[in-house]
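Here the structure comes first, spelled out in structure tokens, and everything after it is commentary.
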Amino acid sequence: MFHYRSPDRIIYDEEYTDRLIRENYADIYAYCFRHLGHRETAEDLTQETFLRFLRNVERYREYGKIKNYLYVVAGNVIRDHYRNQKEIPVEQELRAERDPKPDMAVEHAAERVGVREALAALESPDREIVILRYYQELKIRDIAAVMRMPASTVRYRLKAAEKELRRRLEKGGGTEWTEN
């Protein structure tokens, strides 16, 4: 997709920059939405992710995929958002049941709530690994790059998180967790 580009190329090649944003926007938005559950806030933080990337592009040195780096930036933007947020409105919690992808709308609401609650109960790094693997469909090596940990650690934590999710979902009323 994208090969190494100097920071100047990213900043001054408008066509390249537009294509970078267009090709990655939906994935970064879905990632933000998974963490926030609120459409408008996810849109704002997705835009902030790209703005931060472009503002600080001179510090960027691509050692892998640009998308992986964008996930790192998005994760930082989300953490900053939560750090600055004082309380979560009830409307935001209710909107958390919506999903940015239309094919997910056919899932049963009880299953979505059960999965969301089980996912929320995981430790932060494990939750992040599950989101990146199953919702963002990243490969283990890409997750390792985003999380800045060895691939073997990602595999181990993913298996442990899957086991914990399975346990919580079975305990929570028969909702099943299936591995991809």
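The values are calculated or read from the model by the stated rules, or taken from the named source; none is laboratory data. Keep in mind that this is a model prediction, so the values were computed, not measured. Cβ coordinates were reconstructed from backbone atoms using ideal geometry, including for glycine residues, and neighbour counts include every protein chain displayed.
Tabulated data
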item: Restricting segment 116-143 to residues that are among the small types (Gly, Ala, Ser) and either within 10 Å of the chain's Cα centre (by Cα) or surrounded by fewer than 21 Cβ atoms within 10 Å (Cβ to Cβ) (or both), the residue that is nearest to Tyr71 (Cα to Cα); result: Ser124
item: Tabulated pairs, segment 159-180, first at pLDDT 80 or above, second among the basic types (Lys, Arg), C-beta under 8 angstrom, 6+ apart or interchain; result: Ala161/Arg127
